[in-house]
Amino acid sequence: MVAPVNLTVPHQNTSPPIISFEKISLSYGSRPIISDLSLTVGRGEIVCIIGPSGCGKTTALRMAGGLVRPSSGTVRLLGAPLTAPRQDVAIVFQDYGKALLPWRTAAANVSLALEAAGVPRSERDARIRPLLAKVGLAGHEEKYPSEMSGGMQQRIQIARCLAQEPAVLLMDEPFGALDAMTRQGLQDEMLSLVAETGTTVFFVTHDLEEAVYLGDRVIGLLPNPGRIGIDLTVNLPRPRNQLETREMPEFLRLRRELFDFIEKAER
């Protein structure tokens, strides 16, 4: 078992927590997956989760979405125990191809969230078109996923999540399968949308630069079992810029600190 790496003073979150993990542990049979995980995420925060493969990043995200119940401890949303999926928590998955229904157009895929919420058919179009425009898909409403690029398909999934008007947006490596330019464009679009809506984001990624660029905080998990090894505050000005932000000394320092953490955690 790798001992926690204390590379920095843990972040003290002073905003009222919207998500709380209270001494969470999860085991599958005799195999511990996550152990004694305590974490709070404040309203409007973007918290990025990094760590070696098998450290429980996606499992923690699924617990925050009510998809997985811990073996012990409590996950809370706005102070109430989270025991099942909720309408105000939306999940953006990495595999956008499987997340979309291929027989539905872009507009009809976004409509799924409104249908689930019981929004009358007569009101849906007036909500769908502005959402697609917001993610850069104006004029593509009637296209099918197979007629669109990977980046466009991921935009549909994000628009569908925004249709839920979520308090929390859970994102599981949503840009990992995209080319570099598309990924950077969607990173900036996501930051603009979050700034506009005040949505809280719990973002899992393997990309250390992505974590620093997007996050207000970056939390690194140690493996076997998953637990917090580092909690970094990202003191970089917003709005962020793909070139200027990544050249800042503080950005480079944080990236190096996370690189050192991952290197030690994988030994």
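Miscellaneous remarks
- Filtering ALA265, ALA195 for residues that are modelled with pLDDT under 95 and farther than 30 Å from PRO130 by Cβ leaves a single hit, ALA265.
- Pairing residues of region 232-247 that are farther than 12 Å from GLU210 by Cα with residues that are assigned to a loop (DSSP other than H, G, I, E, B) and among the aliphatic types (A, V, I, L, M), at Cβ distances under 7 Å and at least 6 apart in sequence or on separate chains, gives LEU236/MET248.
- Residues in region 104-128 that are farther than 12 Å from GLN164 by Cα and in a loop (DSSP other than H, G, I, E, B): 3 in all.
- Sole residue being in contact (Cβ under 8 Å) with a residue 12 or more places away in the chain and in a helix (DSSP H, G or I), chosen from PHE259, PHE175, PHE202: PHE259
- Among the residues of region 49-63, some residue qualifies, meaning at least one is modelled with pLDDT under 95, farther than 30 Å from LEU193 by Cα and in the same structural domain as GLY176 (by TED's automatic domain parsing).
- Check on ASP125, of a type in the set (D, E, K, R) and farther than 30 Å from SER25 by Cα: yes
The values are calculated or read from the model by the stated rules, or taken from the named source; none is laboratory data. Treat the numbers as computed from the prediction; the structure is a model and nothing was measured. Positions of Cβ are backbone-derived with ideal geometry, glycine not excepted, and every protein chain shown enters the neighbour counts.
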